[in-house]
Amino acid sequence: MVRHVLDLDRLHAAGMVTPRGDRTRIAEEYRRIKRPLLIKAFAGDESQVDKGNLIMVTSAIPGEGKTFTAVNLAMSMAKERDVYVLLVDADLSRPKVSETLNLKAEKGLADLLEDETMDVGDVLMRTSVENLSIIPAGRPHPMGTELLASDRAQRVIGEISHRYPNRIILFDSAPVLASNEGGALSRFVGQVVFVVEAEKTSESEVKGALEVLSACKHIGLVLNKARTRLSTGRLGGYYGSYYQEGAA
């Protein structure tokens, strides 16, 4: 199978994690984030949770950095010696994973869920990072929530999670207060990484989003864009309606 080459120099220049073993601040941050997720996925004892290898990354509103988090988490996990990572762009309204990684794909998850004749292999993209594969979102779909809530979605997710026992499946999902897609997907995963933008996301937005995600019992919060002695300040922002251009 063709491996799609990722431009690691470009990603590194953009301040992202790469599998080269860099000892950067962000690489260390994602090492801390991934460890409890991996324990819940593969511990083999009471620490392991049901469907723990299925992890959804989301936020309350657009612009909080959920795609940035999903890609960095996938890259960090792909550094593990015995873990294979499948990053799925499950944001069927405003997909961003392919754009972030500079990948070109005509079909993806939306097509797979809509077309019963398609197989996971038809949309899976192996990358030049040995332990990392991608399923792009495909074309933006107006019925994304219905596709993700379908029996077909449950079967497909079950297939990709059981095909490889040592595989982590990361879903980059739509912000849950901007789209119902995240709520639909949360029923099928064992863990949620909930991204909160420091000094921006309100308490009511966090509480509202957590209510939507209540189907999943294992939710971890990542505080993004926080001002610390090691950071230079807040980046990005909330650029308006989720269905408009601008925010990831």
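The values are calculated or read from the model by the stated rules, or taken from the named source; none is laboratory data. Computed from a prediction, not measured in an experiment: that's the story for all the values here. With ideal geometry, Cβ positions are generated from the backbone for all residues, glycine too; neighbour counts draw on all protein chains shown.
Brief remarks follow.
- Test: residue in the range 156-163 that is of a type in the set (Asp, Glu) and crowded, with 16+ Cβ neighbours inside 10 Å: no
- Residues of the range 95-128 satisfying the condition of being assigned to a loop (DSSP other than H, G, I, E, B) and under 13 Å from the mean Cα position of the chain (by Cα): Pro95, Lys96
- Residue selected from the range 129-151 under the condition in contact with an Asp or Glu (Cβ under 8 Å, 6 or more places away or on another chain) and in a loop (DSSP other than H, G, I, E, B), by the criterion farthest from Ala105 (Cα to Cα): Asn131
- Asp22 being at pLDDT below 90, surrounded by fewer than 21 Cβ atoms within 10 Å (Cβ to Cβ), more than 16 Å from the chain's Cα centre (by Cα) and not polar (S, T, N, Q): yes
- Screening Gly183 against (1) under 14 Å from Ala90 (Cα atoms); (2) surrounded by fewer than 20 Cβ atoms within 10 Å (Cβ to Cβ) leaves a single unmet condition, (2).
- Every pair of residues 6+ apart whose Cβ atoms lie under 8 Å, when the first sits in the range 98-117 and is β-branched (Val, Ile, Thr) while the second is surrounded by 17 or more Cβ atoms within 10 Å (Cβ to Cβ) and not in a helix (DSSP H, G or I): Thr100/Ala248
- Of everything listed in (1) in contact (Cβ under 8 Å) with a residue 12 or more places away in the chain; (2) over 16 Å from the mean Cα position of the chain (by Cα); (3) more than 16 Å from Ser98 (Cα to Cα); (4) outside any helix (DSSP H, G or I), the single unmet condition for Ile55 is (2).
- Residue match in the range 64-84 (condition: at pLDDT 95 or above, part of a strand (DSSP E or B) and not aromatic (Phe, Trp, Tyr)): no
- Residues of the range 125-146 that turn out to be within 25 Å of Pro175 (Cα to Cα) and either without any contact (Cβ under 8 Å) to a residue 60 or more places away in the chain or of a type in the set (Ser, Thr, Tyr) (or both), as a count: 13
- Against the conditions (1) modelled with pLDDT under 95; (2) charged (D, E, K, R); (3) closer than 26 Å to Glu99 by Cα; (4) surrounded by 12 or more Cβ atoms within 10 Å (Cβ to Cβ), Glu245 satisfies every one except (4).
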